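Notes for the one structure printed next.
The values are calculated or read from the model by the stated rules, or taken from the named source; none is laboratory data. Just so it is clear, the model here is predicted, and its values are computed rather than measured. Here Cβ is always computed from backbone atoms with ideal geometry, including for glycine, and neighbour counts include all displayed protein chains.
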Amino acid sequence: MQNLSKYTKIKEILELYSEAQLLRRLKKAFHVTEVARIIASPRSHGRLNGAKVGREAHEVLWSLDPYVVFQEDEVALPFPLAAEIVVNSKKYIVYGVPDLIKFVRSTPVEVYEFKSYSIADKYSITQTQIYAWLCHKCFSVSPEAYLILGWSGRKYSRKIKIEWNPKEVEEEIKKAIEKILK
């Protein structure tokens, strides 16, 4: 019975993610990168193809079946997340796809965000925290969050554990949404 409720939960998350993509233009849904940019402006790291590498990785891995989390005891994959948040008595959706979520027995235990550059900045940390918050909202868990730096597509130079507090991250997200809506 527990797997049935997890299956239902994943189905709901995927449906909300699809809805968020449609509602984005109406400013009723906000992508993680948009929210993170408001909280902490990204800076150029001098790697012209960093975003391109990230998009290509998601395109290759996106063909994975998200329901594989039920088929293996442990699995790690990019996974679409979406959660509702109330700002000034109105509902909005925050959504995005972290680079990797590690699931153990269908439960997310770790969230990873990969960056091609080797220096942790506030934007990257904020983005990682928002993905951890989304996991928390979607699955009622508090996964560990990691920022992987110097990712070349095969190896990395540093793995940093990112501390986060669900209430603090949610407050930052609410403030960011208020700024976007002004």
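Only one entry in Val75, Val87 is modelled with pLDDT of 90 or more, closer than 21 Å to Trp133 by Cβ and hydrophobic (A, V, I, L, M, F, W, C), namely Val87. Here is a check on your reading of the model: is Trp151 assigned to a loop (DSSP other than H, G, I, E, B), within 26 Å of Val68 (Cα to Cα), in contact with a strand residue (DSSP E or B) (Cβ under 7 Å, 6 or more places away or on another chain) and not acidic (Asp, Glu)? Yes, satisfied. Looking at Phe114, Phe70, just one residue is in contact with a Lys or Arg (Cβ under 8 Å, 6 or more places away or on another chain), more than 20 Å from Lys28 (Cα to Cα) and of a type outside the set (D, E, K, R), and that residue is Phe70. Summed over segment 124-158, residues that are exposed (fewer than 13 other Cβ atoms within 10 Å of the Cβ) and either closer than 10 Å to Tyr112 by Cα or touching a residue at least 12 places away in the same chain (Cβ under 8 Å) (or both) total 4.
Among the residues of segment 52-62, are any closer than 21 Å to Ile173 by Cα and at pLDDT below 95? No: zero hits. Restricting Glu172, Glu168, Glu113 to those that are among the charged types (D, E, K, R) and either touching a strand residue (DSSP E or B) at 6+ places or on another chain (Cβ under 7 Å) or modelled with pLDDT under 95 (or both) reduces the list to Glu113. So which residues in segment 140-154 are modelled with pLDDT under 90 and within 18 Å of Lys102 (Cβ to Cβ)? Passing the criteria: only Trp151.
Take the conditions modelled with pLDDT under 95 and not basic (Lys, Arg) and apply them to Thr107. Does it pass? So Thr107 fits the description; yes. Asp73 meets each of the listed conditions (1) closer than 17 Å to Ile10 by Cβ; (2) in contact (Cβ under 8 Å) with a residue 40 or more places away in the chain apart from (2). Among the candidates Ile160, Ile180, the residue that is β-branched (Val, Ile, Thr), within 30 Å of Ser89 (Cβ to Cβ) and over 14 Å from the mean Cα position of the chain (by Cα) is uniquely Ile180. Could you check, for segment 126-138, whether at least one of its residues is farther than 16 Å from Ile85 by Cβ and in a helix (DSSP H, G or I)? Scanning segment 126-138 turns up at least one residue that is farther than 16 Å from Ile85 by Cβ and in a helix (DSSP H, G or I).
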